[in-house]
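Enquirer: Supplied in structure tokens, the structure appears directly below.
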Amino acid sequence: MDKEALRRKYLEERDKRLRPDGNDQYVRLTGRFAHYLEDPYTPRTEREPKTDHVTVAVVGGGFAGLVTGARLREAGVGDVRIVEKGGDFGGTWYWNRYPGAQCDTASFVYMPLLEETGHMPTEKYAHAPEILEHCRRIGKHYGLYDDALFHTEVQDLEWDASRSRWTVRTNRGDAFTARFVVMGIGPLHVPKLPGIPGIDDFRGHSFHTSRWDYDYTGGDPTGAPMDRLADKRVAVIGTGATAVQCVPHLARACAELYVFQRTPSSVDVRDNRPTDPAWFAGIAATPGWQQRWLENFTGNQTGGLVDEDLVMDGWTDIARRVRARIAALPPEDLTPEKMAQAYEDSDFEKMEEIRARVDAIVADPRTAAKLKAWYRQLCKRPCFHDEYLQSFNVPGTHLVDTDGKGVERVTRRGVVAGGVEYEVDCVIYASGFEVTTDYTRRAGYELTGRDGLRLTDRWADGMRTLHGIHVHGFPNAFVVQPTQGANLISNIPHNLTEAGRTIATIVSHALDQGFDEVEATREAEDAWIELLLSGPGSILGASADCTPGYYNNEGQDAGMKGRLNIGHPQGAMAYFAYIDGWRTSGTFEGLEFRKHAAGE
Ligand code: NDP
């Protein structure tokens, strides 16, 4: 392995892809593109606007909202109203029903509240319909359907200091109040399209992967063959984690499939398998099993000293290798530089294996060469699949590699790349979601706190929270997401379940003690940010050398906003241990609990 040559190659490939417009290369699906966004799954039902009062309003009915709602119910909070823009619970699993969708992190740690709901995932990596059903199971188990508002988008959250309440306004004319608000909007819910000319000129059919049009393709989310594509020429734009999962199904179904690639994903072994019920009964027999699995996975993932690896997959393999290399260093070499070198060596080795896997699977050597990823594994979301690379051996499936440039435009008849027009009947945009844009932009509503303070302004120079959950100036409001907490990207639900537990503890404490308001102090928030900034920085944003993507703000320096995209300096396990102690101490240091002046 010529490490110097690899470093050079990685930089060359990155440089090809750097572009001055960064995030602005993408466009929202608004105006004339809005039809790409419609909910194809559930008809909208009319209802009267709500003008009542609830104890907790939760924005978002995905995992974040569901696990927080569940923990609130467990803590005895009766009225929890989830407001969800989809037609049912599920969040990302409501919208993403593309063929082949499945979790990429082992079901036993990815699917929340398995122990509480008594569900056994049927596969190591469950498919989307099962995960969507599990969301419904959580909703039913905890009675969260009773007061949920579906097909409803929050437009505005405003603090009413005179009554210590939030006013929640929605696109359905609702204007109800809530003592507490929880924001669980998810990181990947605003689909985006490449900002190339001609998208709307296309005369064929087109949709975004998160709004799969089974009426057009035939088939269904459970994997029934897409029988209406047998005579169709289909283009897929994008080769990220979504495309990796849906391309094998399209390759089987289409007359001709053109996969337009700007940057190849790294695609490692998946090795999915059905769950053996006897084995599962064994692990589930011990109370607290899922928490143990969560901690084991996170410990392995984030370099903790864990003897055993319960999950044993491509995610934990990344950390296992790095640990082994560092453990092999003689004591005098345990310096930051040598450890970074050991990490790099491990990464080179792993990526060489992933590239060799392409050669071993893809029959045509020229296609194989183009499918190789030339960057460090965590520069982009690692992918795992046992049929994606094989798709390029299927007659009629064509890789259109654009050498880092991307497709140029869409015409009435098809897609143009490298100056060549590919005529197609359908264009499927696997072009991802907004991730690093501002929170309130992605949320689609403003949060107006004490003294008219807007969250957009409060976070103009980057996110600032206490524990990733509380924002000074915004009493009784909680954010449910990973950043400035554990920042654990390999298993987002672990972050969410912990946040749910924390929020439920605080809300029930406030209610039990008769407090009307709870707010993080400025000092506590500042001290938390200072602690975070004392660490090594974001595993995502650390990678200016990386090929552009949403992990590194498309290769552009996001300044302080990027620097604040961080987690606990000692890693995810340290955060979880810290927050558990903080929660159970009962003193909630850094929060101020208040009674309403008028005693309401
Ligand atoms: P991504 O943002 O990962 O991928 C978008 C793709 O579109 C990239 O390959 C990008 O290329 C490509 N693209 C953008 N513009 C152009 C253009 N002009 N021409 C050609 N290609 C273009 O979106 P995904 O939906 O695939 O995934 C988003 C995230 O969702 C994942 O990273 C993951 O976190 C999550 N996800 C999780 C899954 C799971 O857990 N099971 C499954 C699927 C997604 P380039 O790389 O060059 O930018």
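Enquirer: Which ³J(HN,Hα) values, rounded to whole Hz and listed in residue order, are derived for segment 354-361 from phi using the Karplus coefficients 6.51, -1.76 and 1.60 in 6.51 cos²θ - 1.76 cosθ + 1.60 with θ = phi - 60°, glycine and proline given as x?
Expert: 5, 5, 5, 4, 4, 4, 5, 9
Enquirer: Using θ = phi - 60° and the Karplus curve 6.51 cos²θ - 1.76 cosθ + 1.60, what whole-Hz ³J(HN,Hα) does each residue of segment 78-84 get, with Gly and Pro shown as x?
Expert: x, 9, 10, 10, 8, 10, 9
Enquirer: Taking the Cα centre of segment 220-379 as the origin, how large is its charge dipole in debye, to the nearest 20, when only Lys and Arg (+1) and Asp and Glu (-1) carry charge on their Cβ atoms?
Expert: Here segment 220-379 has a charge dipole of around 680 debye.
Enquirer: Under 5 Å between amide hydrogens, which residues at least 5 positions from Glu123 or on another chain qualify, with H placed 1.01 Å from N in the peptide plane?
Expert: Thr275
Enquirer: Per-residue HN-Hα couplings for segment 401-416, Karplus 6.51 cos²θ - 1.76 cosθ + 1.60 at θ = phi - 60°, whole Hz, x for Gly and Pro?
Expert: Listing the rounded values in order: 7, 9, 6, x, 8, x, 6, 8, 6, 10, 10, 4, 9, x, 10, 10 Hz.
Enquirer: As a test of the formula, what do you get for the chain when each DSSP H run with n ≥ 4 contributes -39,500 (n - 2.57) and the sum is divided by the residue count, at 222 nm and rounded to the nearest 500 deg cm²/dmol?
Expert: Values: 20 runs with 203 residues, N = 600.
Calculated mean residue ellipticity at 222 nm is -10000 deg cm²/dmol.
Enquirer: Sequence neighbours fewer than 8 away in the same chain don't count; with that in mind, list the lysines whose C-alpha is under 21 Å from Lys3.
Expert: In chain and number order, the partners are Lys16, Lys338, Lys350, Lys370, Lys372, Lys380.
Enquirer: Sticking with this structure for a sec: Take Asp512 and Ser534, extend 7 Å from each Cα along the Cα→Cβ direction, and tell me the distance between the two endpoints in nm.
Expert: 3.1 nm
Enquirer: For segment 298-412, what are the per-bin percents of Cα-Cα distances with bins 10 Å wide, up to the bin holding the maximum?
Expert: In whole percents, the pair-distance histogram is 11, 33, 29, 18, 8, 1, 0.
Enquirer: Under the rule of at least 5 residues apart or a separate chain, name every residue whose amide H is placed under 5 Å from the amide H of Tyr422.
Expert: Val415, Val416, Ala417
Enquirer: Specify which residue in the list Gly198, Leu132, Pro287 is farthest towards the positive end of the charge dipole of the chain, using unit charges on the beta carbon of Lys, Arg (+1) and Asp, Glu (-1), about the Cα centre.
Expert: Of the listed residues, the answer is Gly198.
Enquirer: Rounded to the nearest 20 Debye, what is the dipole magnitude of segment 487-600 about its Cα centre when Lys and Arg each give +1 and Asp and Glu each give -1 at the C-beta?
Expert: Computed charge dipole of segment 487-600: roughly 240 debye.
Enquirer: Hand me the GluC sites (Glu not before Pro) from segment 1-41 located in a DSSP loop with no more than 16 other Cβ atoms within 10 Å, in residue order please.
Expert: Glu38
Enquirer: Please give the helix 492-513 orientation as an angle from the longest Cα principal axis of the chain, in degrees from 0 to 90, rounded to the nearest 10.
Expert: The answer is roughly 10 degrees.
Enquirer: For Glu256, which sequence-distant residues (separation of 5 or more, or a different chain) have an amide H within less than 5 Å of its own amide H, given hydrogens modelled in the peptide plane?
Expert: HN-HN under 5 Å from Glu256: Lys232, Arg233, Val234.
Enquirer: Can you pull the three principal axis extents for the Cα set of segment 1-67, in Å, largest first?
Expert: On the principal axes, segment 1-67 reaches 66, 35, 23 Å in Cα extent.
Enquirer: Need one word for segment 303-371: rounded, prolate or oblate. Basis is the Cα gyration tensor (sqrt eigenvalues a ≥ b ≥ c); a/c below 1.5 gives rounded, then a/b vs b/c decides.
Expert: Values: a/c = 4.19, a/b = 1.81, b/c = 2.31.
It comes out oblate by the Cα gyration axes.
Enquirer: Can you spot the aspartates and glutamates whose alpha carbon is less than 13 Å from Lys124's alpha carbon? Ignore those fewer than 8 places along the same chain.
Expert: Cα-Cα hits under 13 Å: Asp104, Asp271, Asp276, Asp313.
Enquirer: Taking only the alpha carbons of the chain, what extent do you get along each of the three principal axes, in Å, biggest first?
Expert: Principal extents (largest minus smallest coordinate, Cα): 74, 67, 54 Å.
Enquirer: In addition: Under the rule that a partner needs its Cβ under 4.7 Å from the first Cβ, which Cys of the chain have none?
Expert: Result for the chain is Cys103, Cys135, Cys246, Cys254, Cys383, Cys426, no neighbouring Cys Cβ within the cutoff.
Enquirer: What angle do you read, to the nearest 10 degrees and between 0 and 90, between the alpha-carbon axis of helix 314-327 and the longest principal axis of the chain?
Expert: On a 0 to 90 degree scale, this one is about 90.
Enquirer: Next question. To make sure I understand the rule: partners must be lysines, Cα under 24 Å from the Cα of Lys85, and not fewer than 8 residues away in the same chain. Which ones qualify?
Expert: Lys85 reaches Lys50, Lys140, Lys192.
Any read-out appearing in this document is the output of simple, stated calculations on the displayed coordinates, not a laboratory observation. These figures come from a predicted structure and were not determined experimentally. Using ideal geometry, Cβ is built from the backbone for each residue, glycine included, and neighbour counts are taken over all protein chains shown.
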